[in-house]
Amino acid sequence: MGASYIPFIVFTTLWAIVGIVLPFVVPKGPNRGIIQVVLMLTAATCWLFWLCCYMAQMNPLIGPKLDRHTIMILAKEWGNSPITLAK
Amino acid sequence: MGSMFRSEEMVLAQIFIQPEAAYPLMSELGALGIVQFRDLNKDVNSFQRKFAAEVIRCDDMERKLRYVEDEMQKDKVDIPDLEEQPKAPNPREIVDLEAHLKKTEKEIVEMSESSVKLKSNFLELIELKYVLEKTAIFFNERKKSVAESPRNDLVSEDATNQEGRSQLSFVAGVIGRKRMPAFEKMLWRVCRGNVLIKQVDIDETFEDPITGNEIYKTVFVAFFQGDQLKERVTKVCSGFRATLHPCPSNSNECQDMLKEVKINIEDLTLIMNKTQDHRQRVLNAVAKDMKDWNVKVCKMKAIYHTMNYFNKDVSKKCLIAEGWIPLNDVPQVQTTLTTISSSCGSSTPSFMNVIDTNDNPPTFNRTNKFTKGFQNLIDSYGMASYGEVNPALYTIITFPFLFAVMFGDVGHAIIMLIFGAYMCIYEKSLEAKKIKSEIWTIFFGGRYIILLMGLFSIYTGFIYNDIFSLSMNIFGTSWVDAVDRISLEDINKNNFIEFNPSVDSATVPYPFGLDPIWQMGKNKIIFLNTFKMKLSIIFGVLHMIFGVSMSVINYVRFNKKYSIVLEFLPQIVFLVALFGWMVVLMIIKFVWYGAQGTDYRVGTSCAPSILIMFINMMLFKEPTQHDNCDLYIFEFQPTLQMILVVVGVLCIPTMLLGKPIYIIIQRRRQQKQIQIKDNVNKTMEMQPEIIKETDANKQESDGHGDDEPLSEVFIYQAIHTIEYVLSTISHTASYLRLWALSLAHSQLSEVLWSRIMRISSMNSFVGAPFVFLIFGAWAFLTIAILVMMEGLSAFLHTLRLHWVEFMSKFFIGLGYAFEPYSFKRILSEDE
């Protein structure tokens, strides 16, 4: 599998805190139930959304098709490639 | 549980009110706004009701107030706004108010009438003045043309005047300019050409005293011979409504008259100015009380109108009112009753009785300023039935979230967030402005929705890695090794290089969102399509499962537990077995298939198409073999899929026949019980059935009374089943609009950036102002097309997804809204 576990753990715990822990800490008042539902739904939807995006990329089936000038610029800015823009 | 879970519990209460306490009590209850009174005198004519006289009094006062307001508007007197709402006036105040209003109205009517008279007098005098002035010119001209010498004395001219023209007489007058040509023609015809008409236009406009319109007038003089012609001319003049003025032919008399007229005009102008001042003073004095009185009279009318709903007690001693009250507000009503009773000092206090009833109560959802917008979205579709689960609670998050999936762009989301935040932070001052524009009202009413939509869109924008169609590289792209691996030869040989994920990608995907390298790829859309389509279906199926599960709550509430097994269970099994399985396949494909492993069977060329697999599953077809790949993902997949399809298909007859058969069995059992009881005692047992039937007729929310014919039950169930089965397929596909709209949005913003913003990248000094202009164009188009149009479009689609795909799975929606007797509501309706 091409996935590291750190982002997975980080985001799952983050949304778990929002969706499972925080609802217990909501102050008592007439809107307590509403705030709890809001927190739980937010956590569930946002976590699932992030997860789908992560899963889509962890085992990619195709790669990006880049134009050669773009590759040269990328090599210069992002990478350690010996290719330079001397030309 | 939050108070929005379902609508509030309502009780029907009877309130016995002492007549002295009635008016102050209604005044208090109107301020509270928690009771919806029922009309107990429905069949009584509105003129025969008890308080009809008072309502007529209020109407009269309103009429007087309107008249005074109109007069104020004519004179452009400012009516200042109210600081705070006054309370409804007590009976003593009412009498004072009435008297005051009557006096004011009389004064203003008198002033108006007198000013009309003054104005018409003034008009006449002015006309006379012009006639005198202009005819003097005529006579001077005529004399000049007649007399030999140009400068003759006036007296001698008179003598010459008398000679040849002893019989020539004339009339002088004023007529409206528009009528002049027709008038001329008429006179010519009537006098057979024996008339000479001269006319001069008056430049100054006249104000019509009644209507206030401005009219242009013309002075004319008609010369003729003989009395007959004079009669005819006079008749024609009166027919054309020309005012004739006596004009002396003698120029001395002319001048004297003119002087007199001028003095009169001056006097009259003075009087008119004084009258106008007096009028202004009176109106201004009344102006500051106008709104106050308006509110008071309105409240009073509302009180009497509602009191007309009440019944008179048998002993004719007190009034009986019936109304719906939310259970949580009953103590408040009771305390109000006791306070009013004690303050009125009546011998017997007013009290309240809660009565049991089978009537359908109104639906009341207590909302605050935040939840009100979302509740409105749901109520627009249909008012929830009483006691039904309230979808608005979940809409608070699912609506902005689904919007954000379609809108996902950080830049546009920030614009939307700023707009929403501005409206929310300054809501008090914006509300006080009372802006009347309807578009603004819509936006302002949905300010919290817009705020949340902006927040969620920022999140999805980060995940789609799209800020004004550009991507951010926060964590470092995971394809960086691929870039390093490219050699100079490769670049020289090919225009495009496609990275091979089996070799080139890092083992770790981009941790948060989409890898920024995709923004520059030519095949970006291919990748995004697979991602977004799967995402849409996953969320769609989950949303629908959530919707179907909501129906359980309703079945439990309305005591139809058998429906949980006979309706909910087959529905959810059908949905999960087929479409839930599709979601599972998608997740398996995400996790299992990748190009990075060494096993080609789980590589790119062998990754199955989920859609084809699903279709094959439904049609029990064998997949086509290609390329040495496995036919199925795992070994027992074909058997598992067959079981799932069979189970799913079996659910359909369960849905179709389960509930009707249960009802048949239930009715047979009831009939047997009745027959057994019948044998014991005949007559008494007939009645409960009849009562049960009439009760069942009243309960509309049930839909299936005990007396509903069996054929109806079957038909209803058949329609329901077909609708549900077809809708699972069509709604699942409908959720693909989440993909479609987000694709459209990202492509539009890319077009705007690459075609408009990019052309401003120049390297010369000219570039600076050019960038300024191009940025202006780009910004305008971004806001107009991408934020407003796309925002509106995504809003509409999200609303549709909620109303149709989500709520059709469980929503009944046959309730009616709770409309309490509340001054706030009545006053805002009037505005």
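Key figures for this structure:
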{"item": "Theoretical FRET efficiency, 1/(1+(r/R0)^6), r = Cβ-Cβ of residue B:414 and residue B:635, R0 41 Å, to 0.05", "result": "0.20"}
{"item": "The range A:5-61 shape via C-alpha gyration tensor axes, a/c threshold 1.5", "result": "oblate"}
{"item": "At R0 = 60 Å, FRET efficiency that the Cβ-Cβ distance of residue B:216 and residue B:761 yields, to 0.05", "result": "0.40"}
{"item": "Rounded to 10°, Cα long-axis angle of helix B:710-734 versus longest principal axis of chain B", "result": "90"}
{"item": "Pair residue A:44, residue B:273: separation of 7 Å Cα→Cβ label points (nm)", "result": "8.0"}
{"item": "Members of B:369/B:809; B:288/B:436; B:74/B:299; B:42/B:296; B:42/B:291 lying beyond 25 Å, as alpha-carbon distances in this model show", "result": "B:369/B:809; B:74/B:299; B:42/B:296; B:42/B:291"}
{"item": "3J(HN,Hα) from dihedral phi, the range B:115-125, Karplus parametrisation 6.51/-1.76/1.60, rounded to Hz, x for glycine, proline", "result": "5, 4, 4, 4, 5, 5, 4, 4, 4, 4, 4"}
{"item": "Length-normalised contact order of chain B in % [C-alpha pairs under 8 Å, at least 6 apart]", "result": "20"}
{"item": "Among A:13, A:70, A:45, residue whose mean-square fluctuation peaks in a GNM of chain A (springs only between Cα atoms under 10 Å)", "result": "A:70"}
{"item": "Net +/- balance of residues flanking residue B:785 in space, Cβ distance below 14 Å, scoring K and R +1, D and E -1", "result": "-2"}
{"item": "Crossing angle, helix B:767-781 versus chain B [Cα axis fit, 0-90 degrees, rounded to tens]", "result": "90"}
{"item": "Residues in the range B:355-371 that a label on residue B:825 would reach, taking backbone N under 17 Å of a point 7 Å out along Cα→Cβ", "result": "B:360-369"}
{"item": "Fewest-first sequence of B:310, B:636, B:444 by Cβ atoms within 10 Å of each Cβ", "result": "B:636, B:444, B:310"}
{"item": "Proximal charge balance of residue B:411 [Cβ under 14 Å; K/R count +1, D/E count -1]", "result": "-4"}
{"item": "Residues whose placed amide H lies under 5 Å from that of residue B:318, excluding near-sequence neighbours", "result": "B:313"}
{"item": "Alpha-carbon centroid distance for the pair the range B:427-489 / the range B:725-743, whole angstrom", "result": "24"}
{"item": "Added length on full extension, which subtracts the Cα-Cα distance from 0.36 nm per residue, residue B:591 to residue B:196", "result": "131.3 nm"}
{"item": "Angle between chain A longest axis and helix A:32-58 axis [Cα atoms, degrees, rounded to 10]", "result": "20"}
{"item": "Estimated distance in nm for a label pair at residue B:281 and residue B:678, the labels positioned 7 Å out from Cα along Cα-to-Cβ", "result": "9.2"}
{"item": "Neighbour-count order for B:617, B:582, fewest beta carbons within 10 angstrom listed first", "result": "B:582, B:617"}
{"item": "Cβ-derived FRET efficiency at R0 30 Å, residue B:376 paired with residue B:729, nearest 0.05", "result": "0.45"}
{"item": "Cysteines having no other Cys beta carbon under 4.7 Å from their own, within chain B", "result": "B:58, B:191, B:237, B:247, B:254, B:298, B:318, B:344, B:424, B:651"}
{"item": "Order of B:797, B:100, B:745, B:626 - criterion: other Cβ atoms within 10 Å of each residue's Cβ, fewest first", "result": "B:626, B:100, B:797, B:745"}
{"item": "Under 5 Å, built H, 5+ apart or other chain: amide partners of residue B:409", "result": "B:461"}
{"item": "Cut-off 16 Å (backbone N to label point 7 Å along Cα→Cβ of residue B:313), residues of the range B:341-368", "result": "B:341-342, B:344-354"}
{"item": "50 Å tail of the calculated P(r), the protein assembly as shown, as % of Cα pairs", "result": "52"}
{"item": "Estimated inter-spin distance, residue B:434 and residue B:140, nm [label 7 Å along Cα→Cβ]", "result": "5.8"}
{"item": "Full-extension gain in nm, residue B:788 to residue B:620, via 0.36 nm per residue minus C-alpha separation", "result": "55.8 nm"}
{"item": "Tensor-based shape of chain B (alpha-carbon gyration tensor, a/c under 1.5 rounded, otherwise prolate or oblate)", "result": "oblate"}
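Any read-out appearing in this document is the output of simple, stated calculations on the displayed coordinates, not a laboratory observation. Small disclaimer: the values here were computed from a predicted structure and weren't measured. Cβ atoms come from the backbone with ideal geometry, glycine included; neighbour counts cover every protein chain shown.
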